Structures are given as C-alpha cells and as structure tokens.
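Enquirer: Can you keep this structure in mind? I'll have questions shortly.
The values are calculated or read from the model by the stated rules, or taken from the named source; none is laboratory data. Keep in mind that this is a model prediction, so the values were computed, not measured. Virtual Cβ from ideal backbone geometry, glycine too; neighbours counted across all protein chains shown. Note: areas computed on protein heavy atoms with side chains; ligands, DNA, RNA excluded. Shrake-Rupley method; radii C 1.70, N 1.55, O 1.52, S 1.80 Å.
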Amino acid sequence: MNIINIKNLSKTYDYYKKEPGFFGSLKTLVKREKLFAEAVKDISFTIQPGEMVGFLGPNGAGKTTTLKMLSGILYPTSGSATVLGSTPWLREATYQKQFALVMGQKNQLWWDLPAMETFLLNKEIYELDKKKFDNSLEELTELLNIKDILNVQVRKLSLGQRMKCELVAALLHQPKVLLLDEPTIGLDVVSQNNIREFLKKYNREKNTTILLTSHYMEDIEALCQRVIIINFGVIIYDGQLSDLMNKYVHQKIIDLTFTSKVDKKQLTQYGEVKDFDGWHAVLAIEKSETKKAAGEILNQLPVDDILINEIPVEDVIRNIFSERQN
C-alpha cells in the first residue's frame, strides 16, 4: 500500500501585469491584465512506506510548491493527493500529527530562546506525554550529538547546530512521513555529512518515509535509490538512480597526474579533454573504451596516478534539462 498518492496534481498562481513607471501604475488602476503561472502541471507519482526519494529540479521547477501541497500549506488548483490516507489541505489533526516538514531556509525555532523551549512547545502542540517526549528527545539528541547546546539561545548556534535542532523539533512526535526541503543548504561539508548519516540511520531504524529535495547531489547519492526529476512543473523522470545513470551516462571520467609535462595532443586521441595543464588532465571517454584507453595511456605516457570515476549525477541531470529545453 502506497503511503503517498499524487494524481494529476496542479498548482497555478494568478498575478497581474504591471507596466513600469508612474503612468504604468496609473494604467493598472483602470485596467489590469491578469496572468497565470503554472508552478506544478498535472504530476502523478506514488511513494511506498519507508522509501527515501530524491525530488530534484532547478530553481522554480515546482519542488517546494509540491511539498507545500503535501503538507497542507497550499491548496492545489486541480488534482488529488493523499498522504497516510488523508487529504493534506483538509488539515485534519490526525494527519498533522503524523508528518513533518523541514525547510532549510525557514526556521521553526524561536531565535532568541534556547531550542529546548521550542521542543517543549511542540510537546504541547502534538500532545505528547512526558515519557514519549523524554524518550524521543534523548534518542534524537544522542544521535545528533547536541545534548550540550539545548539550553543555548538559537541565535548563538552555528548553522549546522541550528539545522540539527530543527530536525529534532520536527521528529519529536515521531512522524511517519518527513518532507525535507534543502535540509543541508549552506552547511559545511562535515555538517552535511552528519545530517546525511543521521537521516540514513533514522530512516533505517524508524522506517520513516522521506521525500527529499536538495541541490547537493551528494545528498541524493548518499541517501536515495529512487529519484523524481521535475522541470517547469512537469515530471520528466521517475525511477531508480542507477537506471538514470545507465540510461544517460555513456562516458567515464579518467583523472590523470603525470610525472613530467605532456602535450595535450597526446590525449585527444583517447577522448574529450575536460581539463588540462600539462601535469594534470581530466578526460571523458566512452564507457566501452575506458579499459583499453586507460591501458594505452599507462603504457605510452608518464602517468604518476590514474583515477577512473563515473560522471557526477549533477552533470547527468543538467544534461537531461538541456535536452528537454532544446
């Protein structure tokens, strides 16, 4: 049984065109031209219990709008959606106690108060008994290693510490569905990795269904087996991340370091030279030719080190968007 069901969901915003200048403003007092922007266009997908799905797309693609509809913040223009058997925008209390929305650029913590104050407030909002609250708080703060900052004013915490506290606030009531919108945005590499490891462990232990948007492809590669890609409000891919790579990736990257300077012309016969400075080079080579090319390069050039990597997922998705727009 699917825990999230979306069918032909659309969201259209209306706005009025305003011409620049003083006379343009006067003109709109008499007659205004109404325009429409389709943020989400007739999308459909399902998610099973315990899945962690990456929801990808460029800025303005419709990701956040979709999450807001699933959380009940926005009403759709048309279509239907059910999460845990409830229609989100009806805002039933039983549903609101079973999901959580975390937005990397929106804070639910009180800025001038310690995070513990927000946790206590959420305890009352979600009507948690003391035992359940204490157990959840102990478990989450232990997993995220933030026990020593619970009584520090939020404004005095680092961005990474605040994000960890945001996750605790969202998970205290043990939601069955977690909607994450850019949870690692702005964090340093160490903090990003800590958040990823926490989400991976939490998903595994609690079987929480997670829908995750992120511009950091490391998040998606580390956490999600399945991805949904949306562009201009339309879903253009829904499937396994590995299948996406197999379908759209026909090359591998060979990263070379030399013991002595080489001529660029010596490399062009093997593939596309992506980067070159004489001592270091990056080549894109057809998958079927990678082993042969690597062997010839090792035999014919003064190679000090060689690495063979897959093309980054971010580049793959960028290529898909380019194909769709052409």
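Enquirer: Give me the residue from region 197-218 that is touching a residue at least 40 places away in the same chain (Cβ under 8 Å), closer than 20 Å to Lys68 by Cβ and not hydroxyl-bearing (Ser, Thr, Tyr) and, out of that set, surrounded by the fewest Cβ atoms within 10 Å (Cβ to Cβ).
Expert: So the residue we want is Ile210.
Enquirer: What single numbered condition from (1) open to solvent by 10 Å² or more (accessible area, probe 1.4 Å); (2) closer than 25 Å to Leu241 by Cβ; (3) part of a loop (DSSP other than H, G, I, E, B) fails to hold for Ala61?
Expert: Every condition holds for Ala61 apart from (1).
Enquirer: Can you find a residue that is more than 30 Å from Asn231 (Cα to Cα) and either assigned by the TED database to the domain that holds Glu166 or not in a helix (DSSP H, G or I) (or both) anywhere in region 74-93?
Expert: Yes: one or more hits.
Enquirer: While we're on this one: I'm checking my understanding of the structure. Among residues of region 1-39 that are touching a Gly at 6+ places or on another chain (Cβ under 7 Å), modelled with pLDDT under 95 and part of a strand (DSSP E or B), which one is nearest to Tyr202 (Cα to Cα)?
Expert: The residue in question is Ala39.
Enquirer: Right, another one. Sort through Leu109, Leu101 and tell me the only one that's surrounded by 16 or more Cβ atoms within 10 Å (Cβ to Cβ) and farther than 25 Å from Ser86 by Cα.
Expert: The unique qualifying residue is Leu109.
Enquirer: Would you pick out the residues in region 219-235 that are within 25 Å of Gly60 (Cβ to Cβ), assigned to a helix (DSSP H, G or I) and open to solvent by 10 Å² or more (accessible area, probe 1.4 Å)?
Expert: Glu221, Leu223, listed by residue number.
Enquirer: Given (1) open to solvent by less than 30 Å² (accessible area, probe 1.4 Å); (2) more than 25 Å from Tyr237 (Cβ to Cβ), identify the lone condition not met by Leu9.
Expert: Here Leu9 meets the rest and fails (2).
Enquirer: Going through region 259-291 one residue at a time, which ones are under 22 Å from Lys247 (Cα atoms), out of contact with any strand residue (DSSP E or B) (no Cβ under 8 Å at 6 or more places or on another chain) and not small (Gly, Ala, Ser)?
Expert: Once the filter is applied, which keeps residues that are under 22 Å from Lys247 (Cα atoms), out of contact with any strand residue (DSSP E or B) (no Cβ under 8 Å at 6 or more places or on another chain) and not small (Gly, Ala, Ser), region 259-291 yields Glu289, Lys291.
Enquirer: Further question: Filter region 272-297 down to the residues that are more than 12 Å from Asp255 (Cβ to Cβ), open to solvent by 30 Å² or more (accessible area, probe 1.4 Å) and touching a residue at least 24 places away in the same chain (Cβ under 8 Å) and list them by number.
Expert: Glu286, Lys287, Glu296
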